[in-house]
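See below for the structure under consideration.
The values are calculated or read from the model by the stated rules, or taken from the named source; none is laboratory data. Only a predicted model underlies this, so the values are computations on that prediction, with no experimental measurement involved. As a convention, Cβ positions derive from the backbone with ideal geometry for all residues, glycine included, and neighbour counts pool all protein chains shown. Accessible surface is based on the protein model in full, side chains and every heavy atom, while ligands, DNA and RNA are left aside. Shrake-Rupley method; radii C 1.70, N 1.55, O 1.52, S 1.80 Å.
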Amino acid sequence: GEGPYLVGDRPTLADALFVGIARWLEFHEVAEPVRWPKLAALRARLEADPAVLYATALESGESAAGGAKCLGHVPLAEVIERYGA
C-alpha cells in the first residue's frame, strides 16, 4: 500500500512481525534490502520506533529503560527463580 505501515496509518502486529523478520535478509544473506525500496523504507521507520529500539536493545543484552507502556525487563532466569519452572 501507500500508507506509512503495512496495513494502514497505524502500526499493527503485521509491522511488529515484519521488523523482526526483515533482519533475516542480512543474516541469511538473502538479498540487499534496497532491492525492495518501499519495504526498506518501512523497515527504517519501524527500526527508529522507541518500542523497536527497546526490544532490539534487550535482544542484544543491553540494559534498556522501559517507557510508559513497559516499566522494565525481567530476565527469564529471574522469573524462573522467583516463580519456578
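With respect to residue 45, determine if the residue is open to solvent by 100 Å² or more (accessible area, probe 1.4 Å) and within 12 Å of the chain's Cα centre (by Cα). Considered against the rule, which asks whether it is open to solvent by 100 Å² or more (accessible area, probe 1.4 Å) and within 12 Å of the chain's Cα centre (by Cα), residue 45 comes out as yes.
Any residue that is charged (D, E, K, R), over 28 Å from residue 77 (Cβ atoms), outside any loop (DSSP other than H, G, I, E, B) and under 12 Å from the mean Cα position of the chain (by Cα) - is there at least one of those in segment 9-16? Yes, that holds for at least one residue.
In segment 17-40, what residues are surrounded by 13 or more Cβ atoms within 10 Å (Cβ to Cβ) and either more than 20 Å from residue 59 (Cβ to Cβ) or under 12 Å from the mean Cα position of the chain (by Cα) (or both)? Within segment 17-40, 18, 19, 20, 22, 23, 36, 39, 40 meet the criteria.
Kindly establish whether residue 67 is under 18 Å from the mean Cα position of the chain (by Cα), in a loop (DSSP other than H, G, I, E, B) and at pLDDT below 90. When the stated conditions are applied, residue 67 passes them. Output yes when any residue across segment 70-82 is surrounded by 12 or more Cβ atoms within 10 Å (Cβ to Cβ) and at pLDDT 85 or above, and no when none is. Taking every residue of segment 70-82 in turn, none turns out to be surrounded by 12 or more Cβ atoms within 10 Å (Cβ to Cβ) and at pLDDT 85 or above.
Looking only at segment 28-58, count how many residues are among the aliphatic types (A, V, I, L, M) and either assigned to a loop (DSSP other than H, G, I, E, B) or over 15 Å from residue 5 (Cβ atoms) (or both). Summing the residues that are among the aliphatic types (A, V, I, L, M) and either assigned to a loop (DSSP other than H, G, I, E, B) or over 15 Å from residue 5 (Cβ atoms) (or both) in segment 28-58 gives 8.
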